[in-house]
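What follows is a set of notes on a single structure, which appears directly below.
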Amino acid sequence: RSTLFPYTTLFRSGRRSKSALYKMALAYAEQVGMSVAWGRIFFLYGEGEKRERLVPSLIDAFLKGDRPNLKYPHLRRDYLHADDVAAAFVALLSSACTGAVNIASGEAVRLGDIGRKIASLLGCQAPDWGEQRDTGAPTSCPLVLGDVRKLTEVVGFKPLVSWDNGLSHMIEAQRVGC
């Protein structure tokens, strides 16, 4: 059993972060003379995602004819389809790239726009969530956007799944109960 990676302690304590694990991996790699590529996933969506998460919960609500609850439509997040996340990791591991690499689309989308796109694909009327800032927002960060220059320029990866295709596949999967 290795003492360099105390996984049990690391994850049980809840005080350590992914950043701490990355630093440990770098230190270990330096000791043994190997390289490390560390993919940092931003926000992802795709078929099979837990129904409580944003995209599937919006789809479910529209499919049931309900008005989806979207408290923070103004927040902008960098989403990437799960198929593209997997392809990005394959490209990263197949490359000579080392260090931290953001696994993201490089485009931030308003959460309200995601809801409107889903409504449009389902032929539903999207509610007017408004775009005002909610001072009770759970985050002080209205924009989370990945810098994907290393992913695109060094690794050579570009996303292939469009929002329309990704959401359409999720909608169809949720319609059939997958």
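We did not get these values from a lab; they are worked out from the coordinates using the rules stated. The structure presented is a predicted model; accordingly, all values stated were derived computationally and were not measured. Reconstructed Cβ throughout: ideal geometry from the backbone, glycine too, with neighbour counts over all protein chains shown.
Which lysines, if any, have their Cα less than 29 Å from the Cα of Lys23, not counting same-chain residues under 8 positions apart?
Lys150, Lys158
Straight distance only, please: which aspartates and glutamates reach the Cα of Lys117 with their own Cα at less than 12 Å, same-chain residues fewer than 8 apart left out?
Partners within reach: Asp164.
Which far-off residues, 5 or more places away or on another chain, put their amide H under 5 Å from the one on Leu80, with H placed in the peptide plane?
Under 5 Å from the amide H of Leu80: Phe43, Leu44, Tyr45.
Could you pull out every one of the aspartates and glutamates with an alpha carbon less than 19 Å from that of Lys71, ignoring same-chain neighbours closer than 8 positions?
Glu52, Asp60, Asp113, Asp128, Glu131, Asp134
What is the distance, in nm, between label points placed 7 Å from the Cα along the Cα-to-Cβ direction at Arg175 and at Asp128?
Label-label distance for Arg175 and Asp128, simple model: 3.0 nm.
If one puts a single equal scatterer on every Cα of the stretch 53-96 and applies the Debye formula without solvent, what log₁₀ I(q)/I(0) results at q = 0.15 Å⁻¹?
Computed log10 I(q)/I(0) values: -0.58.
Which FRET efficiency, nearest 0.05, do Leu143 and Ala29 yield, Cβ-Cβ r, R0 30 Å? Don't skip to the end; give the middle numbers.
On the way: r = 32 Å, r/R0 = 1.08.
The calculated FRET efficiency here is 0.40.
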